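Enquirer: Quick one: the structure is below, questions incoming.
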Amino acid sequence: KGVFARRRYAATAIIGEIEGTYFDPSYGSDYCMTVSGDRRLEPSPPFRYVNHSCDPNCEFDWFQVREGAASRERVFLIALRDIRPGEELTIDYNWPAAGAIPCRCQSTNCRGWIV
């Protein structure tokens, strides 16, 4: 599985908002990311399937967005460089060393481990 660009994206473009289900920090799955110290996000498709690369073309960014009198944290997938149609969208998982697994991204910058 993976997520592929349907069109061209310029560097720094917002590709899409990462939506999903928020949980307390005790919950975990292979797809969860920590959004803040007290919340974890399990993304919904398609961004649930963004793969790792040691040379990623995207990153997740968190923004506080005002919604009326309140504000909430929202997560977006952002292009790190220009992306061509059909190119796979990838991020650096940057896992803690204790959770490291062998990396098979095949990029020229591959670290050998997802850490």
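Enquirer: Being modelled with pLDDT under 95 and surrounded by 15 or more Cβ atoms within 10 Å (Cβ to Cβ) narrows it down to one of VAL75, VAL65, VAL3, so name that one.
Expert: Working: VAL65 fails: surrounded by 15 or more Cβ atoms within 10 Å (Cβ to Cβ); VAL3 fails: modelled with pLDDT under 95.
Just one listed residue meets the conditions, VAL75.
Enquirer: Something else about it: Would you mind finding the one in SER71, SER53 that is over 26 Å from GLY112 (Cα atoms) and among the hydroxyl-bearing types (Ser, Thr, Tyr)? Show your work before the answer.
Expert: Working: SER53 fails: over 26 Å from GLY112 (Cα atoms).
Just one listed residue meets the conditions, SER71.
Enquirer: Further question on the same structure: With the condition kept exactly as written, say whether any residue in region 25-48 is of a type in the set (A, V, I, L, M), part of a loop (DSSP other than H, G, I, E, B) and in contact with a Leu (Cβ under 7 Å, 6 or more places away or on another chain).
Expert: Taking region 25-48 as the starting set, the residues that turn out to be of a type in the set (A, V, I, L, M) are 33, 35, 41.
Keeping just the survivors that are part of a loop (DSSP other than H, G, I, E, B) gives none.
No, the conditions are met nowhere in region 25-48.
Enquirer: Moving on. For LEU41, all conditions in the list (1) touching a Gly at 6+ places or on another chain (Cβ under 7 Å); (2) modelled with pLDDT under 90; (3) loosely packed, with under 14 Cβ neighbours inside 10 Å hold save one; what is the number of the exception?
Expert: (3)
Enquirer: Within region 60-90, how many residues turn out to be of a type in the set (A, V, I, L, M, F, W, C), touching a residue at least 40 places away in the same chain (Cβ under 8 Å) and in a loop (DSSP other than H, G, I, E, B)? Quick ask: steps written out before the conclusion?
Expert: The initial filter retains those residues of region 60-90 that are of a type in the set (A, V, I, L, M, F, W, C), namely 60, 62-63, 65, 69-70, 75-80, 83, 89.
Pick out the ones that are also touching a residue at least 40 places away in the same chain (Cβ under 8 Å) and you get 60, 75-80, 83, 89.
Then drop every residue that is not in a loop (DSSP other than H, G, I, E, B), which leaves 80, 89.
Residues in region 60-90 being of a type in the set (A, V, I, L, M, F, W, C), touching a residue at least 40 places away in the same chain (Cβ under 8 Å) and in a loop (DSSP other than H, G, I, E, B): 2 in total.
The values are calculated or read from the model by the stated rules, or taken from the named source; none is laboratory data. Being a predicted model, the structure only gives us computed values, none of them experimental. FYI the Cβ positions are ideal-geometry reconstructions off the backbone, even for glycines, and counts take in every protein chain you see.
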